[in-house]
1. ILE255 fails exactly one of the following numbered conditions: (1) among the β-branched types (Val, Ile, Thr); (2) in a helix (DSSP H, G or I); (3) under 21 Å from MET35 (Cβ atoms). What is the number of that condition?
2. If a residue must be out of contact with any helix residue (DSSP H, G or I) (no Cβ under 6 Å at 6 or more places or on another chain), closer than 27 Å to HIS262 by Cβ and modelled with pLDDT under 95, how many such residues does the stretch 210-252 contain?
3. Scan the stretch 156-174 and give yes if some residue there is of a type in the set (Val, Ile, Thr) and free of Cβ contacts under 8 Å to residues at least 60 places away in the same chain, otherwise no.
4. Give the residues of the stretch 128-186 that are on the phi > 0 side of the Ramachandran plot and either surrounded by 14 or more Cβ atoms within 10 Å (Cβ to Cβ) or touching a Gly at 6+ places or on another chain (Cβ under 8 Å) (or both), sorted by residue number.
5. Taking the stretch 249-269, which residues are in contact with a His (Cβ under 7 Å, 6 or more places away or on another chain) and surrounded by fewer than 18 Cβ atoms within 10 Å (Cβ to Cβ)?
6. Just wondering, is there one or more residues in the stretch 167-184 that are more than 29 Å from LEU82 (Cβ to Cβ) and either modelled with pLDDT of 95 or more or of a type outside the set (Gly, Ala, Ser) (or both)?
7. Please find, among GLY189, GLY185, GLY233, the residue that is within 19 Å of the chain's Cα centre (by Cα), under 24 Å from SER165 (Cα atoms) and assigned to a loop (DSSP other than H, G, I, E, B).
8. Could you list, in sequence order, all residues of the stretch 40-68 that are of a type in the set (Lys, Arg) and buried (at least 21 other Cβ atoms within 10 Å of the Cβ)?
Amino acid sequence: MEDLKRRAEVLMEALPYIRRFWGKKMVIKYGGSAMEDPVMRDEVLRDILLLHLVGVKVVLVHGGGIEINQWMRKLGKEPVFLEGRRITDEESLAIVEMVLAGKTNKDLVARLWKLGGKAVGISGKDGGFLIARRKEGWGEVGEIERVNPHILDVLMEESYIPVISSIAMDEEGRGLNVNADTAAGHIAGTIGAEKLLILSDVPGVLEEEDKEESLLSLIKLGELEGIMGKVSGGMKPKLEACKIALTKGAKSAHIIDGRIPHSLLMEIFTDKGLGTMIIKD
């Protein structure tokens, strides 16, 4: 009886947030260890499905770096990174596209279906969704020039969850690898998302590396450039993605710890907040 009472209290606490965010668009970037652990992965997908069922228009952008690295090594290629981004030659691009747009994307779609959801997996090639130009000196890596959101509107209008792999194409139709965080930032900005939520395997933005007590819980857009000069590795593209999203039209951006159970729901449906929130000045 006590457990049922507590569940009812939790639902009542969430009700104002459900009303507030009903019909709003949110872009969730999903990757890291939260995506590799089977128990954690299904928990995150259940939370995404719950958001969808209470009226949030969810767009899921996924990474898959660990699985890409595994397949590259199986096929005799050693992954190469610079500033948290993958340097991609032609052979590597074929592997990246095979894993991201094929295995990883369709696995997430199937898992959402198994949990009772409706999802459609697409890449940036579908419908000319993500158009990019080649990033000089990085091989088959692209920088996004524009997002054509019509395909998202069609899917969300029919109550599907778009599941997006970060493969773009250039004006000639040739594939390019783009960073998933960056893709999520461009998508969130273009569709005017209420929130960009980046699930990471760190607590958020730390003022001092490896010191969780130095977590920055709130950053204003004007402060972001200075902070970006101090971080390294995979955090840099995450902060750049947040900057892109806010500059292009998203309301807020969040970097939260995907390893914490139900971190998405706690961030959206409570006033506690987790990780780092980035807002406009």
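The values are calculated or read from the model by the stated rules, or taken from the named source; none is laboratory data. Not measured: the values here are computed from a predicted model. Every residue, glycine as well, gets a Cβ built from its backbone with ideal geometry; the counts of neighbours run over all protein chains shown.
1. For ILE255, the exception is condition (2).
2. So the answer is 14.
3. Initially, the stretch 156-174 is screened for residues of a type in the set (Val, Ile, Thr), giving 161, 163-164, 167.
Restricting the remaining residues to those that are free of Cβ contacts under 8 Å to residues at least 60 places away in the same chain gives none.
No - not one qualifying residue is present in the stretch 156-174.
4. The answer is GLY128, GLY139.
5. Start the filter on the stretch 249-269 by keeping residues that are in contact with a His (Cβ under 7 Å, 6 or more places away or on another chain), which leaves 267.
If the condition is that a residue be in contact with a His (Cβ under 7 Å, 6 or more places away or on another chain) and surrounded by fewer than 18 Cβ atoms within 10 Å (Cβ to Cβ), then no residue fits.
6. First, the residues of the stretch 167-184 that are more than 29 Å from LEU82 (Cβ to Cβ): none.
No; the residues of the stretch 167-184 include none that is more than 29 Å from LEU82 (Cβ to Cβ) and either modelled with pLDDT of 95 or more or of a type outside the set (Gly, Ala, Ser) (or both).
7. Answer to the check: GLY233.
8. Step one: filter the stretch 40-68 for residues of a type in the set (Lys, Arg), giving 41, 46, 57.
Matches in the stretch 40-68: LYS57 only.
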